[in-house]
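Working notes, beginning with the structure itself.
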Amino acid sequence: MSRRYDCTDTEQRAAGLIEAASALRRGELVVLPTDTVYGIGADAFTPAAVSALLEAKGRGRDMPVPVLVGTVRAANALVENLGPYGQDLVDAFWPGPLTLICGVNRSLSWDLGDAKGTVAVRMPQHPVAIDLLKETGPLAVSSANRSGAPPAVDADDAEKQLGESVSVYLDAGRCDSDVPSTILDLTTAVPRLLRRGALSVERLRGVIGYVATDAGPEPTG
């Protein structure tokens, strides 16, 4: 049976973080708030847990799961390197709504889907998410919704879509927006926008100059 914790209450928040970390270590799934939309998370280094996440969402391996980290140091351990632009972007926008796609550290033993030697990594700006990530280490996290449905902006919405497939729901109230993170590919010679999101292209260009864009119009939500 799923358990839900009100993270606006100090005692429930503490208990919820402990239970969520324990569930993740057991290979179970957890819904957590982020600074964009709610996410469904699994231990990034437990392939069966990542497979369960994909199954809960109704999503195939052709859409590999991004990874959330609680520190920049953790991110650096996951990637081959940040390239010529990555560190400036991290310094400017992390923690925050920017997902960076980098070449993966090939010494890692994990399976996030058909990622073709890359990993999508982000450090969120939400205290509940950060506290959980600092306890667990990197988590495979995707938006807390069934594939093709709108992202969940509160725990009620996530629970309606994902139900008993999730062991622990961390409820921190409604998100301020339903706009997901901006995704930027750093594996090409010129940084390439893959998804427009909460961080505008203009802000990216203000830090690194040119950004290749073919990802449609800016979101309005």
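The values are calculated or read from the model by the stated rules, or taken from the named source; none is laboratory data. Since we're looking at a predicted model, the values are computed, not measured. Here Cβ is always computed from backbone atoms with ideal geometry, including for glycine, and neighbour counts include all displayed protein chains. Side chains included, ligands, DNA and RNA excluded: accessible areas come from the protein's heavy atoms. Shrake-Rupley method; radii C 1.70, N 1.55, O 1.52, S 1.80 Å.
Provide the percentage of antiparallel DSSP beta bridges, counting only those with both residues in the chain; round to the nearest 5.
Counting only bridges with both partners in the chain, antiparallel ones make up about 55 percent.
Straight-line cross-link partners of K160 among the lysines, defined as a Cα under 20 Å from its Cα and at least 8 positions apart when in the same chain: K57. When a 1.4 Å probe is rolled over the protein heavy atoms, the share of accessible surface on region 49-113 that falls to carbon and sulfur comes to 48 percent.
Peptide packing: for 62-74, 21-33, 196-208, the average count of neighbouring Cβ atoms within 10 Å per residue gives the ranking 21-33, 62-74, 196-208, highest mean first. By the Cα gyration tensor, the chain has an equivalent ellipsoid whose semi-axes, rounded to whole angstrom, run 27, 19, 16 from largest to smallest.
Dipole magnitude for region 86-158: about 300 debye, using +1 per Lys or Arg Cβ and -1 per Asp or Glu Cβ, origin at the Cα centre. Rolling a 1.4 angstrom probe over the protein heavy atoms with all chains in place gives region 78-217 an accessible area of 45 Å² per residue. Annotation: region 11-55 has a Kirkwood hydrodynamic radius of 11.0 angstrom, from the mean reciprocal C-alpha pair distance.
Each Lys and Arg Cβ is given +1 and each Asp and Glu Cβ -1; about its Cα centre, the chain then shows a dipole of about 540 debye.
Hull volume per residue, based on the alpha-carbon atoms of region 18-120 and their convex hull, is 104 Å³.
From most to least packed by mean Cβ count within 10 Å, the peptides 167-174, 35-42, 110-117, 156-163 give 35-42, 167-174, 156-163, 110-117.
Tell me, how many Å apart are the Cα centres for region 34-69 and for region 149-196? Using only Cα atoms, the two centres lie 10 Å from each other. By the compact-protein rule of thumb, 2.2 N^0.38 Å, the alpha-carbon radius of gyration of region 115-221 corresponds to a ratio of 1.21. Taking the average, over residues, of other Cβ atoms within 10 Å as the packing measure, peptides 78-87, 48-57 rank 48-57, 78-87 from highest down.
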